[in-house]
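Peer 1: One structure follows; several queries about it will come next.
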Amino acid sequence: MDEPRTFPKTGVWLALLTCGVMVLLGMDLILSFSVFVVWMCSLFLVTSRPPESRSSKTKTSLSLTSMRELVENSSTPILVTERNTIAIANRTARKLLGTHIVGQDARLVFRQPAAIALLDKEPGGQATVRGLVRRQDIWRINRQSIDDELAVLELISQSAEADISRAHTDFVANASHELRTPLASILGYVETLAESGADFDEPTSQRFLNTIQREAKRMQNLIGDLMSLSRVEAEKHDLPENTLDLAPIIEQAALEAAGPEQADRLDFQMIEQPVIQGDQQQIEQVIRNLVENSLKYGAPESVVRVRLDHSRLGEARITVSDKGDGIAPEHVPHLTRRFYRTDPGRSRASGGTGLGLAIVKHVVERHRGRLDIESQEGVGTRVIIRLPIDVSDDEGIQAVAVTKA
């Protein structure tokens, strides 16, 4: 209620006294009356109370409809539960868990002890669950209560981090195994030579020394490939900037891989002269790896064809093909995995490290290209690399135009 206004009696009497003095001093009666009116109005304004400012604080109610609109387009799976029943599931969550989860009890959706315990935890928390969608996946569930009935669940995938960690672990284990095998041979033969002294005849000693040299060379190649792979992976996000004329680089690298003894097995078909932006050292390593594989695993004395032309999309296309036993279809998708071998015994005997095609894949990816491996048992294998040409090169553009025509 408004308090009653206090009447300023003292101010009124003072105003009357002042006006009376003005009249006695001979001032104009109208002027004296005007002063009295102004004085009274001032008193009225001073004693009046301003209206109270009533700040209307409207409490915004967070409805399920507004929450649904808020989280629908999030790329993170988000669920809103009402008394542990899933009331809202955004598009990503429905794609992950299925559209049927809306209206279900969250405990039936997750079926994980850690997640079920989290649903009853106040005000919230987090839990890590495995096999939520697929057997090997890992998810972290974050729960935050909104009020006594509503809570928000956020699902964050940690499968990628786990896969990377597992890949690193496997890589270290495989590398250790690959290094241990030749090292054991070297140590065994050295110990035998040291213990036997001069008891061995010359041919036997020479055979032991040749084995030691071969295994040491194998270790050297393996360490070199490991360093190359690490370097390529470290630079995979850096697009090469050097302009390369592919034809002479491919021919020189292929001849180096074949050596003077097998150079006559190479059949060069340099149909086009494309120019790309690339790393010359890495391109040379790719060609050497492919040619060495073809010479090792192709039929003895068969021709290894190295072809350079343009693809139908205008890319520089490098093809290395051999004639031989070929590769079974179930092995082809795994050939670029580290240390993957279709025939481990044969690969080790030929000095292979199991990293050649893994290096090729990473180099091609760094150059923003594509790698395809085609093989048919009893016929042979063909590896195709497609690399984007240097668009600033006029001759390359004209060659592409002629090829398309």
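The values are calculated or read from the model by the stated rules, or taken from the named source; none is laboratory data. Just so it is clear, the model here is predicted, and its values are computed rather than measured. Don't worry about glycine lacking a Cβ; one is built from the backbone with ideal geometry, like all the others, and counts go over all protein chains shown. What goes into the accessible areas is simple: the full protein's heavy atoms, side chains included, and nothing from ligands, DNA or RNA. Shrake-Rupley method; radii C 1.70, N 1.55, O 1.52, S 1.80 Å.
Peer 1: For N221, work out the one condition from (1) within 20 Å of A173 (Cα to Cα); (2) assigned to a loop (DSSP other than H, G, I, E, B); (3) not aliphatic (A, V, I, L, M) it doesn't fulfil.
Peer 2: Tallying (1) within 20 Å of A173 (Cα to Cα); (2) assigned to a loop (DSSP other than H, G, I, E, B); (3) not aliphatic (A, V, I, L, M), N221 fails exactly one: (2).
Peer 1: Give me the helices (runs of 4 or more DSSP H) completely within segment 243-356, filtered to those with at least 2 residues that are among the acidic types (D, E) and either touching a Phe, Trp or Tyr at 6+ places or on another chain (Cβ under 7 Å) or open to solvent by less than 70 Å² (accessible area, probe 1.4 Å) (or both), ordered by residue number. First the steps, then the outcome.
Peer 2: Values: elements: 246-262, 280-297, 344-349.
It comes to 280-297.
Peer 1: Test each condition in (1) without any contact (Cβ under 8 Å) to a residue 12 or more places away in the chain; (2) at positive phi for G124 and report the one that comes out false.
Peer 2: G124 satisfies all of (1) without any contact (Cβ under 8 Å) to a residue 12 or more places away in the chain; (2) at positive phi except (1).
Peer 1: Further, regarding this structure: Select, from P240, P182, the only residue that is surrounded by 12 or more Cβ atoms within 10 Å (Cβ to Cβ), in contact with a helix residue (DSSP H, G or I) (Cβ under 8 Å, 6 or more places away or on another chain), closer than 24 Å to N289 by Cα and free of Cβ contacts under 8 Å to residues at least 60 places away in the same chain.
Peer 2: Checking each option against the conditions leaves just P182.
Peer 1: Inside segment 222-237, can you point out the residues that are open to solvent by less than 50 Å² (accessible area, probe 1.4 Å) and hydrophobic (A, V, I, L, M, F, W, C)?
Peer 2: Once the filter is applied, which keeps residues that are open to solvent by less than 50 Å² (accessible area, probe 1.4 Å) and hydrophobic (A, V, I, L, M, F, W, C), segment 222-237 yields L222, L226, L229, V232.
Peer 1: Here is a follow-up. How many residues are surrounded by fewer than 10 Cβ atoms within 10 Å (Cβ to Cβ) and modelled with pLDDT of 70 or more when one looks only at segment 185-212?
Peer 2: So the count comes out to 5.
Peer 1: In contact (Cβ under 8 Å) with a residue 12 or more places away in the chain and either out of contact with any Lys or Arg (no Cβ under 8 Å at 6 or more places or on another chain) or of a type in the set (S, T, Y) (or both), is that true of I318? Spell out the reasoning first.
Peer 2: On the way: in contact (Cβ under 8 Å) with a residue 12 or more places away in the chain: yes; either out of contact with any Lys or Arg (no Cβ under 8 Å at 6 or more places or on another chain) or of a type in the set (S, T, Y) (or both): no.
No.
Peer 1: Examine segment 39-50 for a residue that is within 16 Å of E154 (Cβ to Cβ), among the aliphatic types (A, V, I, L, M) and at pLDDT 75 or above, and state whether such a residue exists.
Peer 2: Residues of segment 39-50 within 16 Å of E154 (Cβ to Cβ): none.
No, because not a single residue in segment 39-50 is within 16 Å of E154 (Cβ to Cβ), among the aliphatic types (A, V, I, L, M) and at pLDDT 75 or above.
Peer 1: Just wondering, is there one or more residues in segment 55-76 that are touching a Phe, Trp or Tyr at 6+ places or on another chain (Cβ under 8 Å) and modelled with pLDDT of 75 or more? If you could, list the steps in order and put the result at the bottom.
Peer 2: Filtering segment 55-76 for residues touching a Phe, Trp or Tyr at 6+ places or on another chain (Cβ under 8 Å) gives none.
Among the residues of segment 55-76, not one is touching a Phe, Trp or Tyr at 6+ places or on another chain (Cβ under 8 Å) and modelled with pLDDT of 75 or more, which makes the answer no.
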